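Below: the structure, in structure tokens.
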């Protein structure tokens, strides 16, 4: 059987955080685009090809220098498939339904001896078959959706003297994150970082409000060349940052860019709006976990890339902005619907971000489904958009790679107005 083309393999990354909400690693989730899920019972060479293509060819571009948590079933463990991956960048995540016997213990001992980090997925104290692996495990993952607070605490207490670290999985709220941290968990996985903490409008720093206004002004559809330049030059630090960015290795312009007007000439009005908006977003989000901004950038680029596969091809810039604004409530601390009412964005973008079922909303839901590796919903929304699923994974990979590169050259301090 022929190996499946890389473009026909879906791979999504999900961040794993430390207690300070810095990203330490990513879990890579994958499937063949022709199947709804990864077939854990298929031990054919085609299944191994999917895994190898996904992680050897796509993985490095999705994780950069961070570690990758990768799910392994019984067949993959027994076939020693992990040895094709680098131990310094791989965490072997042993699925909870693996039947543990002497062959599995032997395989895990070999992996441990070769320097691989071992993690037990969805750990359950009642599952006696995993006891044989506890002495080899480096990390225990606990599903916060399927356990009670008492069970989560008991798992840590009963294993705390075994040099094991604990990862709280499917953490969906800031309250759960805080609870897990207090219990002794040191790694955290879930979408808690993307949930807004709403504060009183009067407690929002003036600098954030100013940049939200500037973001709105820059994206006025009727704004002309001269007025765009004027808005940008109102803020000295922003102007300096934009010019510094234009002269970075990312663009590699032959001539040094010394003015906003020159940047307008080099980039054009549409692209300058995009890059100016991007920089403003990083200013607004400087006091939030960096993954919030990175996720916003991935969504923006992914939305834009998918438009070329649909009847929304003429709306690329608009959908880029939709993705970029999608976590503005997290960055600002106010409800997204309230913020959108003050923004110069189209009605279609507002409907899409508020959960509406227009074309913008359908494409945004496809992006969210892929982000969460909800492959069934990816198929659902792709079908509604009449979008060919082949090439979606490549668009996602390029979007992640672009977002990571862009974020690396962004400023890390909040300008003082």
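A few remarks follow.
- Residues of the range 155-175 that turn out to be surrounded by fewer than 16 Cβ atoms within 10 Å (Cβ to Cβ) and under 29 Å from residue 368 (Cα atoms), as a count: 4
- Of all residue pairs spaced 6 or more apart or on separate chains, those with beta-carbon atoms under 8 Å, a first member in the range 346-375 that is on the phi > 0 side of the Ramachandran plot and a second member that is at pLDDT 95 or above and surrounded by 17 or more Cβ atoms within 10 Å (Cβ to Cβ) are 355/361.
- Residues that are at pLDDT 85 or above and assigned to a loop (DSSP other than H, G, I, E, B), drawn from the range 221-247: 234, 235, 247
- Residue identified as surrounded by fewer than 15 Cβ atoms within 10 Å (Cβ to Cβ), outside the structural domain of residue 258 (by TED's automatic domain parsing) and on the phi < 0 side of the Ramachandran plot among 178, 222: 178
- Checking 387, 380 one by one, the residue that is assigned by TED's automatic domain parsing to the domain that holds residue 213 and touching a residue at least 12 places away in the same chain (Cβ under 8 Å) is 387 and no other.
The values are calculated or read from the model by the stated rules, or taken from the named source; none is laboratory data. The structure displayed is predicted, hence computed values, not measured ones. Using ideal geometry, Cβ is built from the backbone for each residue, glycine included, and neighbour counts are taken over all protein chains shown.
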